[in-house]
Every structure is written in C-alpha cells, then in structure tokens.
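Okay, so here's the structure we're looking at.
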Protein chains: 2
Amino acid sequence: MSTVPAYALSDWGTSRFRLWLVDGNGQVLVEKRSEDGLDASRARGFAATLESHLAGLGAPADLPVVICGMAGSRQGWVEANYVPVPADLQAILSGTVKIETILRDVRIIPGLSQSGTAPNVMRGEETQLLGAILTKNLSNGIIAMPGTHSKWVELVDGRAKSFSTYLTGELYALLASQSILRHSIGEAAAFASPDHPQFTAALRLMFSGERMLGELFGIRAAMLLDNLPPVGAASRLSGLLIGAEIAAAKARQNGKVTLVASGAMAGLYGRALEVAGLDHDFVDADEAVRKGLFVAASGIWPSEGRSK
Amino acid sequence: MSTVPAYALSDWGTSRFRLWLVDGNGQVLVEKRSEDGLDASRARGFAATLESHLAGLGAPADLPVVICGMAGSRQGWVEANYVPVPADLQAILSGTVKIETILRDVRIIPGLSQSGTAPNVMRGEETQLLGAILTKNLSNGIIAMPGTHSKWVELVDGRAKSFSTYLTGELYALLASQSILRHSIGEAAAFASPDHPQFTAALRLMFSGERMLGELFGIRAAMLLDNLPPVGAASRLSGLLIGAEIAAAKARQNGKVTLVASGAMAGLYGRALEVAGLDHDFVDADEAVRKGLFVAASGIWPSEGRSK
C-alpha cells in the first residue's frame, strides 16, 4: 500500500466475509473476500479470523475496524441489538457495540427490527441502506436490496419506516439445485438471463396476478413436452420468483425505487422493474455497503484516521 | 392368504413403492409398502424388484399386475406415453402398456398431459382421479389431490378438461429442512396442525391476496422477536403454502371440490378448504388409487381373475 489506511471496514455475513482497508476519504486501498462467514469463523474464533485477514492485508495493529452483518447476531461474535423501525439511520450508528475482549478497537453495527403484525429483521442491509441513501441524497421512496433474502425498505422523511423480506434468492437456489426442477436447470442455474423471452414472459405472468406456486412445475412440464432448454428454464424460474417479489412489493409500497444491486442481480432486477413499469434509480451494492461502513467509521473516529 | 388373489396392483412412484394383492371384488388381501421407488429400483432392475415383492406376498407366478406412477416415465421401467387432455378417463385404461420382456403379464397405466400455454403432466394421479370419480360417481367439479406435487383437475361431463400442479409438498419439505426456516422449525416439520391458530392466520393472509414469498421470512423474525415455537412455525409455513395453493386454484377453477387425501394431509387441506369457504367432499387417497388400479385390472382381464 502506498497510502496509510485510516480504517478497516468489514461486511461479515453467514457465508462470506469481506474486508476493505480505506484511506481517510473512504478510497479503497486493498480488499479481501473469503468464505470465512459465521460458520467457518465460529470454529476458529472471530478475533483470530479477523486478525489473520487484517495481517494478510498488512494492516497496522492499531487500525480501527467497523463491521456490519451477521457477526452482530446472537450466533455471531457479539450481539448488537436491533434498532426498531421507524428509525433514523443515524440511530444505527450510535448503537454500535464495541468488542471488549481485545486490544484493537472493533465496533459492530446493529441491525433493524420491525415488531407487530409483520415481524421482520435485517442485519447488514441497514448499512447498505445508509450508504445508498447518502449516495443519492434520498429522503423518501423505496429502497430495494435484492439477494438471498431481498429487503424492500420504505423511506419517509429520511427515516426507515417499514420493510419487507422476500426469500427470493434462497428459494431460487433451493429450487434450481434440489427440487424436481434440478433436472430441467442443472448447471444453468447461474445463467438466468434478463434478455431471455422466458424471463420476460414469467415476469408478465406474475404481474398479471398469477401465483408463483402454481407455475413452478410448468418448467418441468415444458422440458418434458416442449424441450425447454436449461437456460430457458433458469430464466423462467428467475422471472417467476423475481416477478412474485416485485408484484408483492408493488402492492405494498409506493414511490420511486432505488435498486441497490451488483453484477447479474442488477441486470435481472433492473429489467424486471422496467417490465413492471416502476420508475427506478440504481446504486451499486458493494459501493453502498462500503459507504455506509465508512460513514460509521468516520463518525466514531472522526480525527483518528491515521492518514489525517 | 385365505382367498386366492385375482390381481396385483401397484402404485410405483419416485420415492416409494406400494403393492396390493386383491380378490375378484377388489378387496385387499395383503399389502406391501417399501422405499423401492424409481431410484432404488433402477439399480436393481424393475422386474427383479417387482418379483421379489410379489414373492414376499406369496403371489402366484401367473398373477397379472397393473402399475401406475413414475414406473411408466422415461426414467422408469417402460415409458407409457401421456394421454392428452381433454381426456375421457377410459382412454388411460385403453392406453396401458404391456411389459414385453418378461413372462408375467404386467401393464403400466399412462399419465395425462396438457399442452399449450400451461404445459403440465401427471403420472399416478390419473389413476387416483379415476378411482375418486368412480367412488363418488362424479361428472363435473374439481378434484384436488394434495401431495408433493398437488394436482387440481377440472372435470367436465365426465372428462378431465384441464389441470394444474402446485409444488406445495416439495416446497414445504425444502423450506422446513434446508432453508433459514429450518432453525425455526427443525423436528417439528411433521407436526403442522390444522387446529393451530398460526395455521388459520396464515391461510387467511393468503386468501386476502398476500403473496407467500413475502411472508416466509416472517416465520424466522417471529421466532427471533416473539419466540414463536417450532410447532407454531411449522403450522404457519403449512398455512402459507396450502393457502397459496388454494387461493390460486380457487381463482382458476370453479365448482364443488372433491378432496382426495389421507392422514395428516386430509386434516390440513380439509380445514383449509373450510376456511376458504369452499364446499367440499372427501375421498381417501389410498382407496382411490386402489380403486382406479382395480378398475384397470378388471377391464384388461375381465374373466381371468383367478377367483372367478
């Protein structure tokens, strides 16, 4: 590294671990991505896992670290209690928890919770949400964060008012690799395409009010009767699930949608929002989470950044 | 056995194998249930598997056998082509395929297929359908056959006009045992209850037009925030999925529903149809498939029943 890092930022989830060293302006100096999610880290120890990755990036021993994600859950390193909605997002920053058992200054950002008739929780997405809001200077609207458990947040006067979770990504993985549909999709699971006519047709079906549960087996039947090829099957499954998600979210929440996504997900959801006729803007998911983490870090240690 | 059997009847599916020896009136003399479904039988050989189970029940070497289910699929013993809907159910009887490679007279009943914009297939349920129709002397209405892949058939003037498939049972098993919800349900997966308030509440939610995809994660959140216990979680998941199935079917097909189900499934779907306000009648699923198989057997070999 040519520049001395100011902070280390980490998004530490159930199945993956990401770490960035940034300068005092939030510019990324180096990054590390690994499979050291919660399960892997629990066995080895959270402190040992973090220190080993920090050492691998050449981080100084006194570099402060801010973490978001499942590392702050009951099954994680130290529990960072949820902040209930409606919530000012500054509240998640003042609710960070300090790890007391180590010398290095490490803080974990709390998640958001929603109680009442539609109980819900998030961990990690609240930081991405903060980053997206700051990037686009948003006060009102809908923020959609697709993924394993897609989150849709309603923002009112700069506060997170309510949110919903859709099991879209997890259901896609289970259906494509473990259900009867695995015979139709197989290795093509990663190749669902926003440009495939099956993707668009499935979206339109979901937006017309049909229920996804009654359309899934049709993928199998279309393979048996009409030789539907694997990429078509994957695109159709993706369209049915993303379509069901957007149809449900559209019925619940109104306003301009800011889509927070990266890579293939950005392409699929962008096209789906277009077919749904939903006006939307776009923020890169990786940049959003780093921005949220950096804002947290520079709020906690305003003058301690080593490059300042 | 005190009476000489007239026929052997078998429902041979992907994961299970059932065999009954019946007399000339269709009365069951002995039965065998095993896990010798398609995958297990392919390795050992279909003829060897069948003969071993027949021998175990003391069946004579010339006892004729009629089979329904996935044994007649491309991955099965011998392919019995689908009969397309709209179909007179007598057509499936005249479409049976004889196994030519063995001495014993063994016939496989074909499935039903639906082509066009809603491609669909069934194998095994067509025989259950035939049995249910004959049991209740039905000409018109809806026949619901819940299971791994639930089938809903519209019967018009005694013919199967169209049908739908819902992946309800398969999705329940995947979500309860392999998704994030496994932490909330665990061993309680088999104990979803039609009398649990979570079952009824979930049904009402689905009948109000909500989408299942946006409600699944709420089970996890309710455990974290409100200590929802495992049986409540299982009942809620069951209510969401069965509710989504019935809501979709209700929107598509009208008429009195005949529910073809056994055991726990009969209790859950019976209660769900009641909450949906759908008038329904009931046929035992095991009896229906045996009746369909027996009608096929006595049609193919009218005077050859050994007890006649």
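The values are calculated or read from the model by the stated rules, or taken from the named source; none is laboratory data. Note that the coordinates shown come from a computational prediction; the quantities given were computed from them, not determined experimentally. Quick reminder, even Gly has a Cβ in these numbers, built from the backbone with ideal geometry, and neighbours come from all protein chains shown.
State the number of residues belonging to segment A:210-234 that are at the interface with another protein chain (Cβ under 8 Å from one of its Cβ atoms) and not in a helix (DSSP H, G or I).
Of the residues in that region, 3 qualify.
Select from segment A:276-291 the residues that are touching a Phe, Trp or Tyr at 6+ places or on another chain (Cβ under 7 Å) and part of a helix (DSSP H, G or I) and list them in ascending order.
A:Arg290
Tell me which of these B:Ser150 doesn't satisfy, since it passes every other one: (1) free of Cβ contacts under 8 Å to residues at least 60 places away in the same chain; (2) within 12 Å of chain A (Cβ to nearest Cβ).
(1)
In segment B:253-265, what count of residues is obtained for those that are under 12 Å from B:Asp281 (Cβ atoms), buried (at least 16 other Cβ atoms within 10 Å of the Cβ) and not hydroxyl-bearing (Ser, Thr, Tyr)?
Within segment B:253-265, residues that are under 12 Å from B:Asp281 (Cβ atoms), buried (at least 16 other Cβ atoms within 10 Å of the Cβ) and not hydroxyl-bearing (Ser, Thr, Tyr) number 4.
State which residue is farthest from A:Val106 (Cα to Cα) when the search covers only segment A:64-79 and only residues that are surrounded by fewer than 24 Cβ atoms within 10 Å (Cβ to Cβ) and touching a strand residue (DSSP E or B) at 6+ places or on another chain (Cβ under 7 Å).
Checked segment A:64-79; the qualifying residue farthest from A:Val106 (Cα to Cα) is A:Met70.
Conditions (1) free of Cβ contacts under 8 Å to residues at least 40 places away in the same chain; (2) more than 17 Å from B:Gly214 (Cβ to Cβ); (3) polar (S, T, N, Q); (4) within 11 Å of chain B (Cβ to nearest Cβ), marked per residue:
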{"site": "A:Arg159", "(1), (2), (3), (4)": "no, yes, no, no"}
{"site": "A:Leu171", "(1), (2), (3), (4)": "no, no, no, yes"}
{"site": "A:Ser179", "(1), (2), (3), (4)": "yes, yes, yes, yes"}
{"site": "A:Phe191", "(1), (2), (3), (4)": "no, yes, no, no"}
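Can you tell me which of (1) part of a helix (DSSP H, G or I); (2) under 20 Å from A:Phe163 (Cβ atoms); (3) modelled with pLDDT of 95 or more is the one A:Phe294 doesn't meet?
Against the list (1) part of a helix (DSSP H, G or I); (2) under 20 Å from A:Phe163 (Cβ atoms); (3) modelled with pLDDT of 95 or more, A:Phe294 comes up short only on (2).
Rundown of residues vs (1) surrounded by 14 or more Cβ atoms within 10 Å (Cβ to Cβ); (2) among the acidic types (Asp, Glu); (3) assigned to a helix (DSSP H, G or I); (4) in contact (Cβ under 8 Å) with a residue 12 or more places away in the chain, yes/no style:
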| position | (1), (2), (3), (4) |
| --- | --- |
| A:Leu9 | yes, no, no, yes |
| A:Ser15 | no, no, no, yes |
| A:His53 | yes, no, yes, yes |
| A:Gly58 | no, no, no, yes |
| A:Asp62 | no, yes, no, yes |
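Being of a type outside the set (D, E, K, R) and more than 25 Å from the chain's Cα centre (by Cα) narrows it down to one of A:Ile246, A:Ile180, so name that one.
Only one candidate qualifies: A:Ile180.
Tell me whether segment B:254-270 contains one or more residues that are among the basic types (Lys, Arg) and part of a helix (DSSP H, G or I).
No: segment B:254-270 contains no residue that is among the basic types (Lys, Arg) and part of a helix (DSSP H, G or I).
Is it true that some residue in segment B:232-239 is in contact (Cβ under 8 Å) with a residue 24 or more places away in the chain, within 22 Å of the chain's Cα centre (by Cα) and under 27 Å from B:Val289 (Cα atoms)?
yes
Could you figure out which of (1) touching a Ser or Thr at 6+ places or on another chain (Cβ under 7 Å); (2) modelled with pLDDT of 95 or more isn't true of A:Leu130?
It fails just one condition, (1).
For segment B:103-136, how many residues meet the condition of being under 16 Å from the mean Cα position of the chain (by Cα) and without any contact (Cβ under 8 Å) to a residue 12 or more places away in the chain?
The total comes to 0.
Output the residues belonging to segment B:64-88 that are assigned to a loop (DSSP other than H, G, I, E, B) and within 14 Å of another protein chain (Cβ to nearest Cβ).
Correct list: B:Ser73, B:Arg74, B:Gln75, B:Gly76, B:Glu79, B:Ala80, B:Asn81, B:Tyr82, B:Val85.
Return yes when B:Gly186 is in contact with a Pro (Cβ under 9 Å, 6 or more places away or on another chain), away from every other protein chain (no Cβ under 12 Å) and at pLDDT below 95 and no when it is not.
When the stated conditions are applied, B:Gly186 passes them.
Select from segment B:150-178 the residues that are surrounded by 18 or more Cβ atoms within 10 Å (Cβ to Cβ) and at pLDDT below 95 and list them in ascending order.
Residues satisfying the conditions do not exist here.
Just checking, how many residues over segment A:196-209 are more than 11 Å from chain B (Cβ to nearest Cβ) and not in a loop (DSSP other than H, G, I, E, B)?
8
So which residues in segment A:89-136 are surrounded by fewer than 19 Cβ atoms within 10 Å (Cβ to Cβ), within 14 Å of chain B (Cβ to nearest Cβ) and out of contact with any helix residue (DSSP H, G or I) (no Cβ under 7 Å at 6 or more places or on another chain), if there are any at all?
Listed by number, the residues that qualify are A:Gly116, A:Thr117.
Do you know which residues across segment A:211-237 are surrounded by 20 or more Cβ atoms within 10 Å (Cβ to Cβ) and more than 18 Å from A:Ser193 (Cβ to Cβ)?
A:Arg211, A:Met212, A:Leu213, A:Gly214, A:Glu215, A:Leu216, A:Phe217, A:Gly218, A:Arg220, A:Ala221
Can you confirm whether A:Val295 is within 21 Å of A:Leu171 (Cβ to Cβ) and either touching a residue at least 24 places away in the same chain (Cβ under 8 Å) or of a type in the set (S, T, N, Q) (or both)?
no
Among the residues of segment A:137-144, are any in contact with a Pro (Cβ under 8 Å, 6 or more places away or on another chain), in contact (Cβ under 8 Å) with a residue 40 or more places away in the chain and more than 14 Å from chain B (Cβ to nearest Cβ)?
No, segment A:137-144 contains no residue that is in contact with a Pro (Cβ under 8 Å, 6 or more places away or on another chain), in contact (Cβ under 8 Å) with a residue 40 or more places away in the chain and more than 14 Å from chain B (Cβ to nearest Cβ).
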